[in-house]
1. Looking at the stretch 162-177, can you tell me whether even one residue there is assigned to a helix (DSSP H, G or I), closer than 24 Å to Leu79 by Cα and either within 27 Å of the chain's Cα centre (by Cα) or charged (D, E, K, R) (or both)?
2. Search the stretch 141-165 for residues being among the aliphatic types (A, V, I, L, M) and free of Cβ contacts under 8 Å to residues at least 12 places away in the same chain, and hand back the single one that is surrounded by the most Cβ atoms within 10 Å (Cβ to Cβ).
3. Could you tell me how many of the residues in the stretch 41-59 are over 8 Å from the mean Cα position of the chain (by Cα) and of a type outside the set (A, V, I, L, M, F, W, C)?
4. Name the single residue that is modelled with the lowest pLDDT among those in the stretch 166-180 being surrounded by fewer than 20 Cβ atoms within 10 Å (Cβ to Cβ) and in contact with a Lys or Arg (Cβ under 9 Å, 6 or more places away or on another chain).
5. Quick check on the stretch 87-140: of everything there that is over 24 Å from the mean Cα position of the chain (by Cα) and in a loop (DSSP other than H, G, I, E, B), which residue is surrounded by the most Cβ atoms within 10 Å (Cβ to Cβ)?
6. Please work out which residue is modelled with the lowest pLDDT, limiting yourself to the stretch 202-218 and to residues that are part of a loop (DSSP other than H, G, I, E, B) and polar (S, T, N, Q).
7. Take Gly131 and tell me if it is under 27 Å from Leu29 (Cα atoms), out of contact with any strand residue (DSSP E or B) (no Cβ under 8 Å at 6 or more places or on another chain), modelled with pLDDT of 90 or more and of a type in the set (Gly, Ala, Ser).
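The values are calculated or read from the model by the stated rules, or taken from the named source; none is laboratory data. Treat the numbers as computed from the prediction; the structure is a model and nothing was measured. Cβ: placed from backbone, ideal geometry, glycine included. Neighbour counts: every protein chain shown.
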Amino acid sequence: MAEEKLGEKIISIIKDRKIKPIRRWQFKLKNIFVWLLALIAFLFSSLSFSVLLFLLNNLDLSSSRDINISSWRLLLNTLPFFWIFFVAAFIIIIFVQVKHTKKGYLYPLWLIITGSFLGSIFLGSVMTKAGLGEKIDEILSYKTPLYQTVINPQMGFWSAPDKGRLLGVVLPFKTNDYVEVRDEKGVIWQVSLNFNQEKILLRENEIARFIGEKTGENEFFALKVLPYSAGKRMFQRQAPRGQNHDLLLNR
């Protein structure tokens, strides 16, 4: 008797609220859409990891001895947390989307997170090998105002001549006494090298890091020279008119 009353009550609620059954094709379409969102999130997670890996390739912890700071401090100051956040955020989105699929309840949290992370590492590594991470970095370095402080803190860290760190693009050689370097602000520095052999490490129109000390107004004495391959197009913002910007992209 109670079951009959319950059934009548449910039917009454359905009629009063004009509830209509959802068709099967709508369920399928929703399931496809949710999986599509999960796939898009996975691709963006892989792209983010690709840029992260490219930037990590420029992280040289051994240079901490030359600038008199610990490796941990160097790591914390130059680690691209921006991209780490995006990798984590997209993996969380993948988890949420997978859980909303038809059989999402069958997949445990650890399996979705681990699978998404390992998949992002694999595909992101392939993208890095293909040069996609570097290409994204080039585009962002040219178009993003906070590139050197938020997206790639390595550039901000190495752009501190008062602390013995200088980063810039090497201008065409004019003399054997020093090399001219244009920093991120467009300031041209005269950089004297400790040994003439250091010049072998330098190439015109490429980015380099210099470790040493500031000796005067826009003058720097370099004890060591390190290569750098990220943020290439950021220096095009300060390049004088008429200069061939493509030179900054030469390998």
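1. Here is the first cut: in the stretch 162-177, the residues assigned to a helix (DSSP H, G or I) are 162-163.
Next, from what is left, pick out any that are closer than 24 Å to Leu79 by Cα: 162-163.
When the remaining residues are screened for being either within 27 Å of the chain's Cα centre (by Cα) or charged (D, E, K, R) (or both), the result is 162-163.
Yes; the residues of the stretch 162-177 include at least one that is assigned to a helix (DSSP H, G or I), closer than 24 Å to Leu79 by Cα and either within 27 Å of the chain's Cα centre (by Cα) or charged (D, E, K, R) (or both).
2. Residues of the stretch 141-165 that are among the aliphatic types (A, V, I, L, M), as a first pass: 146, 150-151, 155, 160.
Now drop any that are not free of Cβ contacts under 8 Å to residues at least 12 places away in the same chain, which leaves 146, 160.
Working: Leu146: 11, Ala160: 13.
In this case the residue turns out to be Ala160.
3. Residues meeting the conditions: 4.
4. Step one: list which residues in the stretch 166-180 are surrounded by fewer than 20 Cβ atoms within 10 Å (Cβ to Cβ), which gives 171-178, 180.
Adding the requirement that they be in contact with a Lys or Arg (Cβ under 9 Å, 6 or more places away or on another chain) leaves 171, 173, 176, 180.
Details: Leu171: 93, Phe173: 88, Asn176: 79, Glu180: 94.
So, considering only residues that are surrounded by fewer than 20 Cβ atoms within 10 Å (Cβ to Cβ) and in contact with a Lys or Arg (Cβ under 9 Å, 6 or more places away or on another chain), the one modelled with the lowest pLDDT is Asn176.
5. Thr101
6. Step one: list which residues in the stretch 202-218 are part of a loop (DSSP other than H, G, I, E, B), which gives 202-206, 217-218.
Next cut, polar (S, T, N, Q) only: 205, 218.
Values: Asn205: 88, Asn218: 92.
Among those that are part of a loop (DSSP other than H, G, I, E, B) and polar (S, T, N, Q), it is Asn205.
7. On the way: under 27 Å from Leu29 (Cα atoms): no; out of contact with any strand residue (DSSP E or B) (no Cβ under 8 Å at 6 or more places or on another chain): yes; modelled with pLDDT of 90 or more: yes; of a type in the set (Gly, Ala, Ser): yes.
Taking the combined requirement at face value, the residue does not satisfy it.
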